[in-house]
2 protein chains.
Amino acid sequence: MKQSKMIIPTLREMPSDAQVISHALMVRAGYVRQVSAGIYSYLPLANRVIEKAKTIMRQEFDKIGAVEFLAPALLSADIWRESGRYDTYGDDLYKLKNREGSDFILGPTHEETVTLLARDAVKSYKQLPLNIYQIQPKYRDEKRPRNGLLRGREFIMKDGYSFHANYESLDATYNDYKTAYEAIFTRSGLDFKAIIGDGGAMGGKDSQEFMAITPDRTDLNRWLVLDKSVGSLEEIPENVLAEIRSELSAWMVSGEDTIAYSSESDYAANLEMATSEYKPSGKIVTEADLVKVETPDCKSIDEVAAFLQIPTEETIKTMAFKADGELVVALLMGNDQVNDVKLKNYLGADFFDAADEAEVQAIFGARFGSLGPVGLPDNIQIIADRKVQDIKNAVVGANQDGYHYTGANAGRDFQVSEYVDIREVKEGEVSPDGQGVLQFARGIEIGHIFKLGTRYSDSMKAHVLDENGRSVPIIMGSYGIGVSRLLSAVLEQHARLFVNKTPKGDFRYAWGINFPKELAPFDVHLIPVNVKDEEAMMLTASIESNLLTAGYEVLTDDRNERAGVKFSDSDLIGLPIRITVGKKAAEGIVEVKIKGTGDTVEVHVDQLLETLAILTQDL
Amino acid sequence: MKQSKMIIPTLREMPSDAQVISHALMVRAGYVRQVSAGIYSYLPLANRVIEKAKTIMRQEFDKIGAVEFLAPALLSADIWRESGRYDTYGDDLYKLKNREGSDFILGPTHEETVTLLARDAVKSYKQLPLNIYQIQPKYRDEKRPRNGLLRGREFIMKDGYSFHANYESLDATYNDYKTAYEAIFTRSGLDFKAIIGDGGAMGGKDSQEFMAITPDRTDLNRWLVLDKSVGSLEEIPENVLAEIRSELSAWMVSGEDTIAYSSESDYAANLEMATSEYKPSGKIVTEADLVKVETPDCKSIDEVAAFLQIPTEETIKTMAFKADGELVVALLMGNDQVNDVKLKNYLGADFFDAADEAEVQAIFGARFGSLGPVGLPDNIQIIADRKVQDIKNAVVGANQDGYHYTGANAGRDFQVSEYVDIREVKEGEVSPDGQGVLQFARGIEIGHIFKLGTRYSDSMKAHVLDENGRSVPIIMGSYGIGVSRLLSAVLEQHARLFVNKTPKGDFRYAWGINFPKELAPFDVHLIPVNVKDEEAMMLTASIESNLLTAGYEVLTDDRNERAGVKFSDSDLIGLPIRITVGKKAAEGIVEVKIKGTGDTVEVHVDQLLETLAILTQDL
């Protein structure tokens, strides 16, 4: 492909509105252009990457018997009313009316559409299991679209759905998808983890998230590609390295999710779902009397504990929430943080939010700083974190501004509905399997698999006849990959700083990309330095033709531009191999450069294919 | 691919709401399912056809240097306001608001998006020409969605756009697209014509439409596929043939466009644009006096001519229109019909419709049956068809209900602004090139290419610097293919009635499909008749494996169903080759059937690949 025929509008500078490196590079390297907030055009380079990702996915899904289909994006609100999601999905749902005034939405996901399809097309357990997927634009009217393709309003998703007559079959397909996802992300060149995820959002139970790990900003060896003029990291002066470190740390860390993983076992979970080991203290303590004490100006747990001269672990924090319209009270030990997702999932709530302080004050008689569980109306559900059961003679708010109780004990002074794990884990706690301690990493969610069970087939009445002729709801799974987001995740991990030294001895560094082999828009960037040199251009044409015949995809920079512009654009575009047809063209010698290592080798065109075959093996 | 893993919900009967055969068959054969009016899910079979069409298109566009990209479907209204189309496009445009209340549309086409892209990415004539295309869902809120994928509200389009520094370059790319389109439609197995089209809708000038020709319902040879049990058409009894003819004619003719083409030359045009030869009569006639005569109860031209005992060719019909808010009068000879498109294009109007009778009556003083050009206010533009200049001493409405003038003459009694071709041609008129006479056919528009010129670059200020450093608007072309509609057009032409004779001697016929080779979802339908016969199933597996290795795409009917159900589904699904593993499986002999001819041959599996290689050459 001639570069002059592609639209690759590279920029000299990073776009000023980009905060993460993937966003900056995909705009600067001419891969995408924003059309409106969170909505992008995929220019020819990005379109090729998306198509390569599709090919990888199709190959891996073929292996697990998944069949591709294509649903519309414009969906009648009626089927979303059947599932109940039309009203509960929230403001992210694009709603519109057609010319007759009927309500429609732009699909953010397609559980309803496929449930309807299965309801109509599948009558008997004998037709199951089925496993279908599609790749198409999805829509979410994000409150704050940001970071390029990481959080867009129109984005490309692969969404798969499976239908089963029993849970064993669902488990098998769920595991197949896990295998397929691991193959897809590995082939996409990603460092990723499969972790325990929150299935609640899709109405499901078991779920796993696939997280692209945000790379360490301090590890220069992974970020820098040294030109042969530089030699080694040691040769770069400290002031240049300091600049480089500062450049690296200037970019925002992209992962919006925190992953808690064990230092020793394979336990890994989204912080939203992570737990740590809990062992009851078993301590026996004599119950003291309940005494109301004045705690003036003590708003926080720390202030109360300091004022009363006790450890924070002897206080109970009382928080109030609204879950589907009901007031719910949560108790936590001292400075433990509530994990909203755990509490919401425990309650099985669709709507969940902090309670309004005015409402709380009307019921409790006090403001947030002085809430407590003693003396609350019987109809208020009190959920306590597991660790709360170890606190005897606790300090709790007295439901009177400026006062707390000491000596409060569950069972005697207040009733706990249930002790459950609702706290957010902290780094360094023991992994729930008892092996190793929890460590945190940041990651980008690129895939998610869910066991939906009968969430949709129940509400939409998608039933089949089972072996005994009874009508039973179809059991379902759903499986997503953020395809456009995958491109961002790849660039977060494959952005590089290319460092070289000028003949005068100055060090230069510039951002670029080292695309993983299977996703790169082309395999080879073929660069004739001087397009007016006829001999060199004939050699270029002959190399291009030979490479194409050998199955390489080639981008040929046929532009009449300076060598510096061509090389700089080539680093930005980021193809794995660069072949330069330069001064030795007359001798039939070209330069081959491996983008990822900066290694270069001069090769005679007669040996070019053999050399490439060897060099590309290791990519 | 195992048939049990695909979702192919075939139906026993034609769907009752389908009026055209393509719609009926694509639902009955399990290719698509309607989700809401004009909005379909492409089930796995249809998705494969769509993907094959995409592959064909990509191959042909590669040849002409067109590069694929992908724009969003959700577009800011702002850019459509820049082009002016936000307000003029009409009720077909889906409009919605995002959460901040900004106006958006769902793109029915992407001229604005690419013009914006070119405005930002292209600065100099040196970067031109460029030629890009995309394949994506498009949206039109059709007043009356109908006939399956023929007129949908969400549909798949290939839309291409080219950008040029001069008109010669536009002409070259336009011609490249014509070549590519002809290759694409030929490979899609379509009988089609490239005709002169109406470019007005896209704001363009030259345009060509590609029309899939609606096949003749009376030509039994093209519709019937005779099983070997039938032998020849002559053996079918007349009462059965009568039934078959009635079945064929029961389906609505699908083409919404009428094509006027020459019986001898290659002239062909959409009826909207068609002209015929016009030679002025040159007759010299003495002008008579203008006389008002009573024409009681004469509402039509025929009634007036009969009452006055003159030929209709001596009358002038006067019609009133509103073009962009202005009243315009059109004059036609006798019973000639006005061609709205020609008149609208001549006027260069965005809005064009018949005038309201009440408004007309207020200005003319008469109702529609008695309108005439005599005595109209000077500011009303009067456009006459060319043939009107041959009518001397004409009869025209007197602008008084129940009265006409005789002896009316242009120039003396009324003023004509211009004589232009605004009439609808009739079958049998001489072709405009003087060669042959016009014949009419019905067709489905499957492609359309336009020379847009500077329609969008002017309004959206997409300029480049030319060779002299002057800022000039980019010259553009746009090129569309209705990809989902293409599937309907293929089925209109490749639907077949499969006829066989039962052992008892009864004739049966049933609808099915004979898919063209390159678009068929699979190449071969492999049917083991009895899935409980282990030997036959082993042979089936071995054949499947050999066929896949040889590069065939195979659908294997692994369902435990009766042979009749399997064969009937196979005729519906319509793959080019059917291989039946039946009673002679133990001997290694299978039956190969060519779907399009009904020819069958028994083959030993050892010769199967060779036989298929020969048989599929002719498909």
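Do you know which of the residues in region A:1-20 that are of a type in the set (A, V, I, L, M) and touching a Lys or Arg at 6+ places or on another chain (Cβ under 6 Å) is nearest to the other protein chains (Cβ to nearest Cβ)?
Within region A:1-20, the first condition is being of a type in the set (A, V, I, L, M), and the residues that meet it are A:1, A:6-8, A:11, A:14, A:18, A:20.
The next check asks that each one be touching a Lys or Arg at 6+ places or on another chain (Cβ under 6 Å); those that pass are A:11, A:14.
Values: A:L11: 10, A:M14: 17 Å.
Looking at residues that are of a type in the set (A, V, I, L, M) and touching a Lys or Arg at 6+ places or on another chain (Cβ under 6 Å), I get A:L11.
Can you say whether A:N399 is crowded, with 18+ Cβ neighbours inside 10 Å and either of a type outside the set (F, W, Y) or not assigned by TED's automatic domain parsing to the domain that holds A:D198 (or both), as far as the supplied structure shows? Outline the logic, then answer.
Details: crowded, with 18+ Cβ neighbours inside 10 Å: yes; either of a type outside the set (F, W, Y) or not assigned by TED's automatic domain parsing to the domain that holds A:D198 (or both): yes.
Yes; evaluated as a whole, the condition is true for this residue.
How many residues are closer than 30 Å to B:F69 by Cβ and of a type outside the set (V, I, T) when one looks only at region A:497-529? Outline the logic, then answer.
First pass over region A:497-529, keeping only residues closer than 30 Å to B:F69 by Cβ: A:497-498, A:510-529.
Applying the additional criterion that residues be of a type outside the set (V, I, T) yields A:497-498, A:510-512, A:514-523, A:525-526, A:528.
Residues flagged as closer than 30 Å to B:F69 by Cβ and of a type outside the set (V, I, T) within region A:497-529 amount to 18.
Would you confirm whether any residue within region A:427-450 is charged (D, E, K, R) and in contact with a Pro (Cβ under 6 Å, 6 or more places away or on another chain)?
The answer is no, given that none of the residues of region A:427-450 is charged (D, E, K, R) and in contact with a Pro (Cβ under 6 Å, 6 or more places away or on another chain).
Which one of these is at pLDDT 90 or above, over 36 Å from the mean Cα position of the chain (by Cα) and open to solvent by 60 Å² or more (accessible area, probe 1.4 Å): B:E277, B:E287? Full working, then the answer.
Numbers: B:E277 fails: over 36 Å from the mean Cα position of the chain (by Cα).
Matching residue, one of B:E277, B:E287: B:E287.
Open to solvent by less than 10 Å² (accessible area, probe 1.4 Å), modelled with pLDDT of 95 or more, assigned to a strand (DSSP E or B) and more than 8 Å from chain B (Cβ to nearest Cβ): is that true of A:I105 in this structure?
Values: open to solvent by less than 10 Å² (accessible area, probe 1.4 Å): yes; modelled with pLDDT of 95 or more: yes; assigned to a strand (DSSP E or B): yes; more than 8 Å from chain B (Cβ to nearest Cβ): yes.
In short, yes.
Inspect region B:453-463 for any residue being under 22 Å from B:V388 (Cβ atoms) and modelled with pLDDT of 95 or more and give the result as yes or no. Spell out the reasoning first.
Step one: of region B:453-463, the residues under 22 Å from B:V388 (Cβ atoms) are none.
So far as region B:453-463 goes, no, none of its residues is under 22 Å from B:V388 (Cβ atoms) and modelled with pLDDT of 95 or more.
Residue-wise test of (1) among the aliphatic types (A, V, I, L, M); (2) more than 14 Å from chain A (Cβ to nearest Cβ); (3) over 20 Å from A:I50 (Cβ atoms); (4) open to solvent by 20 Å² or more (accessible area, probe 1.4 Å).
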residue	(1), (2), (3), (4)
B:L150	yes, yes, yes, no
B:S162	no, no, yes, no
B:N166	no, yes, yes, yes
B:L170	yes, yes, yes, no
B:K178	no, yes, yes, yes
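Could you say which residue among B:K63, B:K54 is over 23 Å from the mean Cα position of the chain (by Cα), open to solvent by 20 Å² or more (accessible area, probe 1.4 Å) and of a type outside the set (G, A, S)?
On the way: B:K54 fails: over 23 Å from the mean Cα position of the chain (by Cα).
After ruling out the rest, the residue left standing is B:K63.
Which one is farthest from the chain's Cα centre (by Cα), of the residues in region A:21-33 that are open to solvent by 10 Å² or more (accessible area, probe 1.4 Å) and more than 10 Å from chain B (Cβ to nearest Cβ)? Give the derivation first.
Kept after step one, since they are open to solvent by 10 Å² or more (accessible area, probe 1.4 Å), are these residues of region A:21-33: A:23, A:27-28, A:33.
Still in the list and also more than 10 Å from chain B (Cβ to nearest Cβ): A:23, A:27-28.
On the way: A:H23: 15, A:V27: 20, A:R28: 23 Å.
Filtering region A:21-33 for residues that are open to solvent by 10 Å² or more (accessible area, probe 1.4 Å) and more than 10 Å from chain B (Cβ to nearest Cβ), the one farthest from the chain's Cα centre (by Cα) comes out as A:R28.
Which numbered condition trips up B:N47, out of (1) open to solvent by 20 Å² or more (accessible area, probe 1.4 Å); (2) at the interface with another protein chain (Cβ under 10 Å from one of its Cβ atoms); (3) not aliphatic (A, V, I, L, M)?
(1)
Any residue that is within 8 Å of chain B (Cβ to nearest Cβ) and small (G, A, S) - is there at least one of those in region A:119-131?
yes
When residues of region A:484-529 are filtered for being more than 25 Å from A:K158 (Cα to Cα) and out of contact with any strand residue (DSSP E or B) (no Cβ under 9 Å at 6 or more places or on another chain), how many remain?
Total satisfying the criteria: 4.
Taking region A:1-34 on its own, how many of its residues are in contact (Cβ under 8 Å) with a residue 60 or more places away in the chain and charged (D, E, K, R)?
Result for region A:1-34: 2.
Please verify whether A:G90 is more than 7 Å from chain B (Cβ to nearest Cβ), of a type in the set (G, A, S), assigned to a loop (DSSP other than H, G, I, E, B) and open to solvent by less than 10 Å² (accessible area, probe 1.4 Å), treating the condition exactly as stated. Spell out the reasoning first.
Numbers: more than 7 Å from chain B (Cβ to nearest Cβ): yes; of a type in the set (G, A, S): yes; assigned to a loop (DSSP other than H, G, I, E, B): yes; open to solvent by less than 10 Å² (accessible area, probe 1.4 Å): no.
For A:G90, the condition - more than 7 Å from chain B (Cβ to nearest Cβ), of a type in the set (G, A, S), assigned to a loop (DSSP other than H, G, I, E, B) and open to solvent by less than 10 Å² (accessible area, probe 1.4 Å) - is not met.
State whether one or more residues within region A:1-20 are surrounded by 22 or more Cβ atoms within 10 Å (Cβ to Cβ) and in a helix (DSSP H, G or I).
no
Residue-by-condition table, conditions (1) over 28 Å from B:K426 (Cβ atoms); (2) free of Cβ contacts under 8 Å to residues at least 12 places away in the same chain; (3) open to solvent by 10 Å² or more (accessible area, probe 1.4 Å):
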| site | (1), (2), (3) |
| --- | --- |
| B:A330 | no, no, no |
| B:M333 | no, no, yes |
| B:Q337 | no, no, yes |
| B:L347 | no, no, yes |
| B:A366 | yes, no, no |
| B:I383 | no, no, no |
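Looking at B:E60 and the list (1) in contact (Cβ under 8 Å) with a residue 40 or more places away in the chain; (2) in a helix (DSSP H, G or I); (3) out of contact with any Gly (no Cβ under 8 Å at 6 or more places or on another chain); (4) within 19 Å of B:P137 (Cβ to Cβ), which single condition is not satisfied?
It is condition (4) that B:E60 fails.
Taking the conditions exactly as written (of a type in the set (S, T, Y), buried (at least 18 other Cβ atoms within 10 Å of the Cβ) and away from chain B (no Cβ under 12 Å)), does A:T113 satisfy them or not? Reasoning before the result, please.
On the way: of a type in the set (S, T, Y): yes; buried (at least 18 other Cβ atoms within 10 Å of the Cβ): yes; away from chain B (no Cβ under 12 Å): no.
Against the criterion (of a type in the set (S, T, Y), buried (at least 18 other Cβ atoms within 10 Å of the Cβ) and away from chain B (no Cβ under 12 Å)), A:T113 does not qualify.
When you go through B:S545, B:S484 one by one, which is the residue that is under 28 Å from B:Q617 (Cβ atoms) and of a type outside the set (D, E)? Walk me through how you get there before you give the answer.
Details: B:S484 fails: under 28 Å from B:Q617 (Cβ atoms).
Answer to the selection: B:S545.
Tell me yes or no: at least one residue of region B:116-123 is under 27 Å from A:R140 (Cβ atoms), open to solvent by 50 Å² or more (accessible area, probe 1.4 Å) and in a loop (DSSP other than H, G, I, E, B). Please lay out each step first, then the result.
Residues of region B:116-123 that are under 27 Å from A:R140 (Cβ atoms), as a first pass: B:116-117, B:120.
Okay, now just the ones that are also open to solvent by 50 Å² or more (accessible area, probe 1.4 Å), so B:120.
From what's left, in a loop (DSSP other than H, G, I, E, B): none.
The answer is no, given that none of the residues of region B:116-123 is under 27 Å from A:R140 (Cβ atoms), open to solvent by 50 Å² or more (accessible area, probe 1.4 Å) and in a loop (DSSP other than H, G, I, E, B).
Report those strands (runs of 3 or more DSSP E) wholly inside region A:343-435 carrying at least 1 residues which are closer than 30 Å to A:Y89 by Cβ.
A:352-354, A:381-385, A:418-420
I need the full set of residues from region A:236-246 which are free of Cβ contacts under 8 Å to residues at least 60 places away in the same chain and more than 32 Å from the chain's Cα centre (by Cα), in order please.
Result: A:E238, A:N239.
Given B:L452, B:L487, which one is hydrophobic (A, V, I, L, M, F, W, C), surrounded by 23 or more Cβ atoms within 10 Å (Cβ to Cβ) and part of a helix (DSSP H, G or I)?
Values: B:L452 fails: part of a helix (DSSP H, G or I).
Every option except B:L487 fails the conditions.
Tell me yes or no: at least one residue of region A:64-84 is at the interface with chain B (Cβ under 8 Å from one of its Cβ atoms), touching a residue at least 12 places away in the same chain (Cβ under 8 Å), touching a Lys or Arg at 6+ places or on another chain (Cβ under 8 Å) and closer than 30 Å to B:R99 by Cβ.
Yes, region A:64-84 contains at least one residue that is at the interface with chain B (Cβ under 8 Å from one of its Cβ atoms), touching a residue at least 12 places away in the same chain (Cβ under 8 Å), touching a Lys or Arg at 6+ places or on another chain (Cβ under 8 Å) and closer than 30 Å to B:R99 by Cβ.
Assuming B:I135 fulfils every condition listed in (1) at the interface with chain A (Cβ under 8 Å from one of its Cβ atoms); (2) touching a residue at least 40 places away in the same chain (Cβ under 8 Å) apart from one, which condition is it?
(1)
Only one of A:E359, A:E427 is under 30 Å from A:M211 (Cβ atoms) and either out of contact with any His (no Cβ under 9 Å at 6 or more places or on another chain) or surrounded by fewer than 17 Cβ atoms within 10 Å (Cβ to Cβ) (or both). Can you tell me which? Let's see the steps before the verdict.
Values: A:E359 fails: under 30 Å from A:M211 (Cβ atoms).
The unique qualifying residue is A:E427.
Within the group B:P503, B:P516, B:P473, which residue is over 29 Å from the mean Cα position of the chain (by Cα) and outside the structural domain of B:L170 (by TED's automatic domain parsing)?
Working: B:P516 fails: over 29 Å from the mean Cα position of the chain (by Cα); B:P473 fails: outside the structural domain of B:L170 (by TED's automatic domain parsing).
Selected residue: B:P503, the only one of B:P503, B:P516, B:P473 that is over 29 Å from the mean Cα position of the chain (by Cα) and outside the structural domain of B:L170 (by TED's automatic domain parsing).
The values are calculated or read from the model by the stated rules, or taken from the named source; none is laboratory data. Please read these numbers as outputs of a predicted model, since none were measured by experiment. Neighbour counts run over all protein chains shown; Cβ positions are idealised from the backbone, glycine included. These area figures cover heavy atoms from the full protein model, side chains too; ligands, DNA and RNA do not enter into them. Shrake-Rupley method; radii C 1.70, N 1.55, O 1.52, S 1.80 Å.
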